[in-house]
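The values are calculated or read from the model by the stated rules, or taken from the named source; none is laboratory data. This structure is a prediction, so every number in the text was calculated from the model and none was measured. Here the Cβ positions follow ideal geometry from the backbone for every residue, glycine too, while neighbour counts run over all protein chains shown. Each accessible area value is taken on the protein alone, full model and side chains, heavy atoms only, with ligands, DNA and RNA left out. Shrake-Rupley method; radii C 1.70, N 1.55, O 1.52, S 1.80 Å.
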Amino acid sequence: MPQPDDPQVDRFYAAVGDRIRDARSAARLTQAELAASLGLARSSIANIEGGRQRLPLHMVILIAETLNINVSELLPDMAESQPAPDLKNIDEKLHDADESSRDFVESTLAQLLGRPEPKE
C-alpha cells in the first residue's frame, strides 16, 4: 500500500488535478470562479490542479457538484498514476536477448504505444 510520501500518491494527486482542470475548462470556469464558488483562494485551485495541494474528500465532492459532473470523473484509476515504463536504451537492454524475444517485445511495445509494428 502506498504511503503518504510515496511518489505514487503524488502522481495520483497530479492526475486528480489534471482531471479537475479539464473539467473546469470544459465548464468554462476560470480558477477564480471555481475558487469563489467553493470559498477557496484562486491559488488553492491552481495548487490543486498542479497536484501540489492535497484536497479532502469532501472538497472533491463539492468540486464535482460545482462542475456538474460525477465524482468518479475526477478520480483516476490507480493504473493512471503508475509511472511510465523506462524505455530508454531498449535496444541496448534487448541486445543479448534472442531474436524471438526481441520480436515479441518490439511487437508488444508497438501495440501498447499504438504505433505500427516494426517491419521485418
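Brief remarks on what is shown
- Among residues of segment 39-60 that are on the phi < 0 side of the Ramachandran plot, those with a beta-carbon under 6 Å from a residue that is assigned to a helix (DSSP H, G or I) and open to solvent by 60 Å² or more (accessible area, probe 1.4 Å) at least six positions away or on a different chain give the pairs E49/R21.
- When segment 47-96 is filtered for residues that are modelled with pLDDT of 80 or more, touching a helix residue (DSSP H, G or I) at 6+ places or on another chain (Cβ under 7 Å) and assigned to a loop (DSSP other than H, G, I, E, B), the ones remaining, listed by number, are G50, G51, Q53, R54, L55, L67, I69, N70, L74, L75, P76.
- Here D18 meets each of (1) part of a loop (DSSP other than H, G, I, E, B); (2) within 17 Å of the chain's Cα centre (by Cα) with one exception, condition (1).
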